[in-house]
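The structure appears right after this line, and notes come after that.
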Amino acid sequence: MINENYKGKLLISSPEISDGVFDKSIILICEHDANGTMGFILNKPFINVSLETIWTNIGYEKKNPYFTNEDVFIGGPLASNAMFVIHTPEYFIDKKTIKVCKEISVTGTKEITDDIQKGQGPRRAIFLLGYSGWTPGQLEDEIMRDSWFVSEKFHNLIFSVDYQTKWTDALFLIGIDPSKLSSYAGSS
(Lines give C-alpha, C1' and ligand atoms only; values in the text may rest on other atoms or scores of the structure.)
Protein backbone atom coordinates (compact mmCIF):
# COMPACT_ATOMS: atom_id res chain seq x y z
CA MET A 1 0.00 0.00 0.00
CA ILE A 2 1.31 3.42 -0.96
CA ASN A 3 1.20 5.95 1.87
CA GLU A 4 2.52 8.87 -0.16
CA ASN A 5 2.59 9.37 -3.90
CA TYR A 6 6.01 10.56 -5.08
CA LYS A 7 4.98 11.23 -8.69
CA GLY A 8 6.15 14.69 -9.73
CA LYS A 9 8.64 14.95 -6.87
CA LEU A 10 12.42 14.90 -6.84
CA LEU A 11 14.59 12.36 -5.10
CA ILE A 12 17.92 13.79 -3.98
CA SER A 13 20.54 11.23 -3.02
CA SER A 14 21.80 11.36 0.55
CA PRO A 15 25.23 10.34 1.87
CA GLU A 16 23.83 6.80 2.20
CA ILE A 17 24.33 6.47 -1.56
CA SER A 18 28.01 7.05 -2.16
CA ASP A 19 28.89 5.18 -5.33
CA GLY A 20 27.57 4.34 -8.75
CA VAL A 21 25.21 6.31 -10.93
CA PHE A 22 23.00 7.37 -8.00
CA ASP A 23 25.83 9.12 -6.09
CA LYS A 24 24.98 12.85 -5.90
CA SER A 25 22.03 12.35 -8.21
CA ILE A 26 18.62 13.93 -8.46
CA ILE A 27 15.76 11.95 -9.93
CA LEU A 28 12.41 13.13 -11.21
CA ILE A 29 9.72 10.58 -10.30
CA CYS A 30 7.37 10.15 -13.26
CA GLU A 31 5.26 7.19 -12.11
CA HIS A 32 4.57 5.86 -8.63
CA ASP A 33 1.78 3.39 -7.99
CA ALA A 34 1.09 -0.13 -6.71
CA ASN A 35 3.20 -1.54 -9.59
CA GLY A 36 6.35 0.33 -8.56
CA THR A 37 8.17 3.54 -9.35
CA MET A 38 9.81 4.99 -12.45
CA GLY A 39 11.96 8.08 -12.72
CA PHE A 40 14.90 9.71 -14.47
CA ILE A 41 18.26 10.97 -13.26
CA LEU A 42 18.56 14.63 -14.26
CA ASN A 43 22.19 15.45 -13.62
CA LYS A 44 24.38 12.68 -15.08
CA PRO A 45 25.26 13.35 -18.73
CA PHE A 46 26.88 10.72 -20.88
CA ILE A 47 30.50 11.45 -21.67
CA ASN A 48 31.23 11.38 -25.43
CA VAL A 49 27.57 10.89 -26.41
CA SER A 50 25.89 13.91 -27.91
CA LEU A 51 22.40 14.43 -29.18
CA GLU A 52 23.91 14.80 -32.63
CA THR A 53 25.29 11.25 -32.35
CA ILE A 54 21.86 9.97 -31.30
CA TRP A 55 20.21 11.90 -34.14
CA THR A 56 22.58 10.23 -36.64
CA ASN A 57 21.88 6.78 -35.15
CA ILE A 58 18.13 7.37 -35.43
CA GLY A 59 18.62 8.11 -39.12
CA TYR A 60 18.11 11.85 -39.37
CA GLU A 61 20.10 13.24 -42.28
CA LYS A 62 20.59 16.75 -40.96
CA LYS A 63 21.35 18.33 -37.63
CA ASN A 64 18.45 19.57 -35.56
CA PRO A 65 18.86 23.35 -35.28
CA TYR A 66 17.12 23.46 -31.89
CA PHE A 67 18.90 20.76 -29.90
CA THR A 68 22.18 19.77 -31.61
CA ASN A 69 24.37 20.86 -28.70
CA GLU A 70 22.26 19.25 -26.00
CA ASP A 71 23.71 16.68 -23.65
CA VAL A 72 22.18 13.25 -23.40
CA PHE A 73 21.66 12.10 -19.82
CA ILE A 74 21.82 8.73 -18.12
CA GLY A 75 18.19 8.33 -17.11
CA GLY A 76 19.04 5.26 -15.07
CA PRO A 77 20.38 1.75 -15.31
CA LEU A 78 17.25 0.15 -16.82
CA ALA A 79 16.51 -0.05 -20.59
CA SER A 80 19.71 1.88 -21.28
CA ASN A 81 19.16 1.85 -25.06
CA ALA A 82 15.69 3.42 -24.85
CA MET A 83 15.43 7.17 -25.35
CA PHE A 84 13.08 9.27 -23.26
CA VAL A 85 12.37 12.99 -23.46
CA ILE A 86 11.37 15.05 -20.43
CA HIS A 87 9.67 18.17 -21.75
CA THR A 88 7.31 21.05 -21.23
CA PRO A 89 3.62 20.04 -21.20
CA GLU A 90 2.36 21.89 -24.27
CA TYR A 91 3.55 18.91 -26.31
CA PHE A 92 1.40 15.81 -25.85
CA ILE A 93 0.85 12.52 -27.69
CA ASP A 94 -2.32 10.74 -26.60
CA LYS A 95 -1.57 7.49 -24.74
CA LYS A 96 2.19 7.98 -25.20
CA THR A 97 2.98 11.04 -23.08
CA ILE A 98 2.93 10.87 -19.28
CA LYS A 99 1.88 14.07 -17.58
CA VAL A 100 4.15 14.13 -14.52
CA CYS A 101 2.85 17.41 -13.09
CA LYS A 102 1.51 20.68 -14.49
CA GLU A 103 5.00 21.82 -15.60
CA ILE A 104 6.54 18.54 -16.81
CA SER A 105 5.70 15.64 -19.13
CA VAL A 106 7.70 12.69 -20.47
CA THR A 107 7.46 10.88 -23.78
CA GLY A 108 9.38 7.79 -24.80
CA THR A 109 8.52 7.27 -28.47
CA LYS A 110 10.32 8.10 -31.71
CA GLU A 111 7.37 10.28 -32.61
CA ILE A 112 8.61 13.04 -30.28
CA THR A 113 12.09 13.02 -31.78
CA ASP A 114 10.54 13.19 -35.26
CA ASP A 115 8.48 16.20 -34.19
CA ILE A 116 11.50 17.87 -32.56
CA GLN A 117 13.51 17.28 -35.73
CA LYS A 118 10.76 19.05 -37.71
CA GLY A 119 10.63 21.95 -35.24
CA GLN A 120 7.20 20.86 -33.97
CA GLY A 121 8.23 19.51 -30.56
CA PRO A 122 8.07 20.95 -27.06
CA ARG A 123 9.52 24.34 -26.10
CA ARG A 124 12.07 22.80 -23.73
CA ALA A 125 13.33 19.26 -23.44
CA ILE A 126 16.06 17.07 -22.03
CA PHE A 127 17.05 13.75 -23.57
CA LEU A 128 17.79 10.61 -21.59
CA LEU A 129 18.79 7.03 -22.26
CA GLY A 130 17.41 4.53 -19.79
CA TYR A 131 15.38 5.02 -16.65
CA SER A 132 15.45 4.30 -12.93
CA GLY A 133 12.95 1.92 -11.40
CA TRP A 134 11.90 0.44 -8.10
CA THR A 135 9.70 -2.54 -7.33
CA PRO A 136 6.58 -2.00 -5.18
CA GLY A 137 7.65 -0.80 -1.72
CA GLN A 138 11.37 -0.60 -2.60
CA LEU A 139 11.51 3.19 -2.89
CA GLU A 140 9.56 3.66 0.32
CA ASP A 141 12.05 1.37 2.08
CA GLU A 142 15.01 3.34 0.71
CA ILE A 143 13.44 6.62 1.84
CA MET A 144 12.86 5.17 5.32
CA ARG A 145 16.56 4.20 5.45
CA ASP A 146 17.50 7.82 4.63
CA SER A 147 18.92 7.01 1.19
CA TRP A 148 16.88 9.80 -0.41
CA PHE A 149 15.63 13.25 0.42
CA VAL A 150 12.27 14.02 -1.19
CA SER A 151 11.44 17.45 -2.57
CA GLU A 152 8.35 18.95 -4.13
CA LYS A 153 10.47 21.95 -5.12
CA PHE A 154 12.35 21.90 -8.40
CA HIS A 155 12.50 25.56 -9.38
CA ASN A 156 14.56 25.74 -12.60
CA LEU A 157 16.29 22.39 -11.90
CA ILE A 158 14.66 20.21 -14.52
CA PHE A 159 15.84 22.07 -17.62
CA SER A 160 18.93 23.70 -16.12
CA VAL A 161 21.98 23.22 -18.32
CA ASP A 162 24.30 23.48 -15.33
CA TYR A 163 24.05 19.81 -14.42
CA GLN A 164 27.15 20.00 -12.22
CA THR A 165 25.33 22.10 -9.62
CA LYS A 166 21.87 20.47 -9.81
CA TRP A 167 22.51 18.20 -6.80
CA THR A 168 23.69 21.02 -4.51
CA ASP A 169 21.02 23.38 -5.86
CA ALA A 170 18.33 20.77 -5.08
CA LEU A 171 19.62 20.36 -1.52
CA PHE A 172 19.67 24.12 -0.95
CA LEU A 173 16.06 24.33 -2.20
CA ILE A 174 14.98 22.04 0.65
CA GLY A 175 17.12 23.86 3.23
CA ILE A 176 20.07 21.48 3.41
CA ASP A 177 23.64 22.76 3.17
CA PRO A 178 25.57 20.00 1.32
CA SER A 179 28.78 20.86 3.18
CA LYS A 180 27.04 19.80 6.40
CA LEU A 181 26.37 16.26 5.14
CA SER A 182 29.01 14.06 6.77
CA SER A 183 29.85 11.74 3.86
CA TYR A 184 30.09 14.65 1.41
CA ALA A 185 31.68 17.35 3.57
CA GLY A 186 34.64 18.82 1.77
CA SER A 187 33.91 17.11 -1.55
CA SER A 188 32.43 18.58 -4.69
Scanning the range 160-173 for residues that are among the aromatic types (Phe, Trp, Tyr) and touching a residue at least 40 places away in the same chain (Cβ under 8 Å), which turns out surrounded by the most Cβ atoms within 10 Å (Cβ to Cβ)?
167
For the range 120-157, which positions are surrounded by fewer than 16 Cβ atoms within 10 Å (Cβ to Cβ), among the charged types (D, E, K, R) and over 23 Å from residue 107 (Cα atoms)?
141, 145, 146
What pairs can you find where one residue is in the range 92-110 and under 21 Å from residue 51 (Cα atoms), the other is of a type in the set (Gly, Ala, Ser), and their Cβ atoms are less than 7 Å apart, with a gap of 6+ or different chains?
97/105; 108/82
Search result, residues across the range 103-142 that are in contact with a helix residue (DSSP H, G or I) (Cβ under 8 Å, 6 or more places away or on another chain) and farther than 19 Å from residue 46 by Cα
110, 117, 121, 122, 134
Given the structure, is residue 177 out of contact with any strand residue (DSSP E or B) (no Cβ under 7 Å at 6 or more places or on another chain), among the acidic types (Asp, Glu), farther than 28 Å from residue 4 by Cα and modelled with pLDDT under 95?
no
Just give me the residues in the range 11-40 being in contact (Cβ under 8 Å) with a residue 60 or more places away in the chain, small (Gly, Ala, Ser) and over 21 Å from residue 155 (Cα atoms), in sequence order.
18, 34, 36
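The values are calculated or read from the model by the stated rules, or taken from the named source; none is laboratory data. All values derive from a computational prediction rather than experimental measurement. A quick note on method: Cβ atoms are made from the backbone with ideal geometry, for glycine too, and the neighbour counts reach across all protein chains shown.
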